[in-house]
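Data block below; observations after.
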Amino acid sequence: MTIEVVQGVMSEPVIRQATVADLPACAQIINDYIDSTDWLPRTKPRAEIAGLFTPELLDKRTMLVVEVDREVAAYASAADGFVYAIYIAPRHRNAGIGAKLLDELKSRYQQLELTVFELNDRARRFYDREGFSEIPERRDDNTEEGVPTLLMRWRRAA
Ligand SMILES: CC(C)(COP(=O)(O)OP(=O)(O)OC[C@H]1O[C@@H](n2cnc3c(N)ncnc32)[C@H](O)[C@@H]1OP(=O)(O)O)[C@@H](O)C(=O)NCCC(=O)NCCS
């Protein structure tokens, strides 16, 4: 039997529930993101952020990961209709993974809310396109990072 290895073709993204083994990869994705921006100051060291990804988190929140080629390419975390995080590793962006994760969360809730940094143009565009609207009265100008956040909401159509 010949096994053909096709290089450069990635496997289809698969969404699944996160396990304890995925948590370091999730922490790395968000830590790398913070370090990659030129507008978001790092307020907590990498180790402190990694320390937030405890096994208990898996009980408290819906933690989803997207696996591509056996690697964690993205994760999302939500509870009670609030999306705490949605982060896609850089080389997996613009391939529909963010939309796929949101669709999975939308299927579980009637309404989703999240905060987004005002300076995060790309994410704001993305949420806008995915049906979220800004709630102006829930803007927060006093964040720990010194960058205002906006609250955005999606509601299932009646
Ligand atoms: C914002 C973010 C979550 C979006 O996720 P994503 O997987 O890149 O999103 P999608 O691929 O679904 O959509 C992004 C773009 O790719 C395009 N796209 C989607 N599928 C595509 C495909 N198969 N081929 C080409 N383009 C595609 C979409 O049209 C969209 O374009 P637009 O932004 O000009 O409208 C992601 O960029 C990210 O993780 N950013 C860094 C972290 C971050 O800011 N998180 C949010 C914190 S609030």
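The values are calculated or read from the model by the stated rules, or taken from the named source; none is laboratory data. Keep in mind that what you see is a predicted model, and the values were worked out from it rather than measured. Using ideal geometry, Cβ is built from the backbone for each residue, glycine included, and neighbour counts are taken over all protein chains shown.
Among the numbered conditions (1) touching a residue at least 60 places away in the same chain (Cβ under 8 Å); (2) over 19 Å from Trp39 (Cα atoms); (3) more than 9 Å from the ligand (Cβ to nearest atom), tell me where Ile97 comes up short.
Ile97 satisfies every listed condition except (3).
Among the residues of region 32-73, which ones are touching a residue at least 60 places away in the same chain (Cβ under 8 Å) and within 22 Å of Lys100 (Cα to Cα)?
Answer for region 32-73, where residues must be touching a residue at least 60 places away in the same chain (Cβ under 8 Å) and within 22 Å of Lys100 (Cα to Cα): just Ala73.
What do you reckon, is Tyr109 farther than 18 Å from Val14 by Cβ, part of a strand (DSSP E or B) and modelled with pLDDT of 95 or more?
Working: farther than 18 Å from Val14 by Cβ: yes; part of a strand (DSSP E or B): no; modelled with pLDDT of 95 or more: yes.
So Tyr109 does not fit the description; no.
Could you please find all residues in region 62-88 being of a type in the set (A, V, I, L, M, F, W, C) and either within 17 Å of Glu130 (Cα to Cα) or not in a strand (DSSP E or B) (or both)?
Filtering region 62-88 down to residues of a type in the set (A, V, I, L, M, F, W, C) leaves 63-66, 68, 72-74, 76, 78-79, 82-83, 85-86, 88.
Of everything in region 62-88, those that are of a type in the set (A, V, I, L, M, F, W, C) and either within 17 Å of Glu130 (Cα to Cα) or not in a strand (DSSP E or B) (or both) turn out to be Ala76, Ala78, Phe82, Val83, Ala85, Ile86, Ile88.
Among residues belonging to region 94-103 that are loosely packed, with under 15 Cβ neighbours inside 10 Å and part of a helix (DSSP H, G or I), point out the one that is nearest to the chain's Cα centre (by Cα). First the steps, then the outcome.
Of region 94-103, the ones loosely packed, with under 15 Cβ neighbours inside 10 Å are 94, 96, 99, 103.
Filter once more, so that each one left must be part of a helix (DSSP H, G or I): 99, 103.
On the way: Ala99: 10, Asp103: 13 Å.
Restricting to residues being loosely packed, with under 15 Cβ neighbours inside 10 Å and part of a helix (DSSP H, G or I), the top hit is Ala99.
Out of Arg61, Arg122, report the one residue that is charged (D, E, K, R), under 14 Å from the mean Cα position of the chain (by Cα) and away from the ligand (no atom under 13 Å from the Cβ). Step through it out loud before you land on a result.
On the way: Arg122 fails: away from the ligand (no atom under 13 Å from the Cβ).
The match here is Arg61.
Of everything in region 125-154, what is within 13 Å of the ligand (Cβ to nearest atom) and among the basic types (Lys, Arg)? Give them in sequence order.
Arg125, Arg129
Assess whether Arg91 counts as being basic (Lys, Arg) and in a helix (DSSP H, G or I).
Values: basic (Lys, Arg): yes; in a helix (DSSP H, G or I): yes.
Judged against the criteria, Arg91 is a match.
Looking only at region 7-41, count how many residues are outside any helix (DSSP H, G or I), among the hydroxyl-bearing types (Ser, Thr, Tyr) and exposed (fewer than 13 other Cβ atoms within 10 Å of the Cβ).
Here is the first cut: in region 7-41, the residues outside any helix (DSSP H, G or I) are 7-19, 37-41.
Cutting the leftovers down to among the hydroxyl-bearing types (Ser, Thr, Tyr) gives us 11, 19, 37.
This time we only want the ones that are exposed (fewer than 13 other Cβ atoms within 10 Å of the Cβ), so: 11, 19.
Residues that pass the stated criteria total 2.
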